[in-house]
Amino acid sequence: MQIPGWLTVALAVATPVTAFAGVLLGHWWSRRSECELDAWRHREETMRLLRWAVERIADEDTAESRAGLAALGALKSSELLQPEDLDLVVAVTDAVLAEPAGAYDALAQEVDPDDPDAIDVELVDVEVDVDADGRK
């Protein structure tokens, strides 16, 4: 029995087309996995930097505390920070700054307003305008 000519042509064309479709599907699947892994790595690095910054801020050394605050501020505008994590970083920043702000409030209440040598402490609220991507 002889194979019809159209079947030979169809098999000759279908085999490489099917192989190409398989390669495209594999590439898409691999790229999707890489993107998910990249997002996971960014989140992991964000949390590591957040933990490091908070540990530095809690340190008694003022230089270390300033370095922690600078790292926390830089993290808020970093491309590592994903929009889903922005709320967490802002909440941690607010929590970390709440204790020193309370100490300044207590200091301001202890200052005698009639004392000319007294230091006047005033807290200023700073708002950061953040776009949809979580950047300043």
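The values are calculated or read from the model by the stated rules, or taken from the named source; none is laboratory data. For clarity, every value in this text was computed on a predicted model and none was experimentally measured. Please note: Cβ atoms are built from the backbone with ideal geometry, for glycine as well, and neighbour counts cover all protein chains shown.
Points to keep in mind about this one:
- The set of residues from the stretch 65-85 being in a helix (DSSP H, G or I) and surrounded by 14 or more Cβ atoms within 10 Å (Cβ to Cβ) comprises 65, 67, 68, 69, 71, 72, 73, 75, 76, 85.
- The stretch 32-52, residues that are among the small types (Gly, Ala, Ser) and modelled with pLDDT of 90 or more: 33
- In the stretch 86-106, the residues that are modelled with pLDDT of 85 or more and either part of a loop (DSSP other than H, G, I, E, B) or among the charged types (D, E, K, R) (or both): 87
- Residue check, residue 45 under 18 Å from residue 93 (Cα atoms), touching a helix residue (DSSP H, G or I) at 6+ places or on another chain (Cβ under 6 Å), among the acidic types (Asp, Glu) and part of a helix (DSSP H, G or I): no
- Matching residues, the stretch 30-74, being β-branched (Val, Ile, Thr) and closer than 14 Å to residue 86 by Cα: 46
- Test: residue in the stretch 7-29 that is assigned to a helix (DSSP H, G or I), among the small types (Gly, Ala, Ser) and either in contact with a strand residue (DSSP E or B) (Cβ under 7 Å, 6 or more places away or on another chain) or touching a residue at least 24 places away in the same chain (Cβ under 8 Å) (or both): no
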